[in-house]
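To start, the structure under review is shown below, and the notes come after it.
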Amino acid sequence: MAQKASKTLAARNTSVLLRTHLISLILHILHLTLHIVFSRPRSLKPYYILALPTLLIEFYLDRIGRPTYAADGSLKSPGEDLGAAGLTEYMWDVLYWTWGCIGAVCVFGGTAWWLWSVVPGYSAWLAYSTVTGMRSGLSGLGGGDAAGGAGVGGAESKRQKKMEKRGKVQYR
């Protein structure tokens, strides 16, 4: 049972990548087939422009998540965790949203590509919420009050207020 966690991660990454590639392949073939069969007069330019980032993300996720094996078949590296939070999670969101847009284009036509404009809006909102969160988190590092005391002239905790009411306040 050596390296059980690594083997589990490698198996999970392999299955996630296989499922991702199959779904992507099916959606792209379906879209191109419907475009050719119904010979819509519109161009494939939006498809190429908006599907390219998804294909690059899929290639990147495959690159970092694919397990590597030694020549004797032993696990060399399980790959990065594809379920990790942060940038990897955002990449999955973009991938899923683009799949939804491709499906919507197959059903509703070429104007459904406008749904993809949600991705840059979501990115801007994430950046804004991150910046404001960092700003509020760093606001306490500004030094507080001039005396340096925690409860003198500044915000006090509930415990400090209770102790002050009882008259058992000690300032250091």
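Oblate is the label for the stretch 17-65, because a/c, from the alpha-carbon gyration tensor with a ≥ b ≥ c as root eigenvalues, is 1.5 or above and a/b does not exceed b/c. Within the shell of other residues whose beta carbon sits under 14 angstrom from the beta carbon of Gly79, the net charge comes to +2, with Lys and Arg scored +1 and Asp and Glu -1. Normalised per residue, the accessible area of the stretch 2-132 is 62 Å², obtained with a 1.4 Å probe and no contribution from ligands, DNA or RNA. Model label points for Lys158 and Asp62, set 7 angstrom from Cα along the Cα-to-Cβ axis, are 5.5 nm apart.
The values are calculated or read from the model by the stated rules, or taken from the named source; none is laboratory data. Since we're looking at a predicted model, the values are computed, not measured. Neighbour counts are summed over all protein chains in view; Cβ atoms, including those assigned to glycine, are modelled from backbone coordinates with ideal geometry. Areas reflect the complete protein model, heavy atoms only, side chains present, ligands, DNA and RNA absent. Shrake-Rupley method; radii C 1.70, N 1.55, O 1.52, S 1.80 Å.
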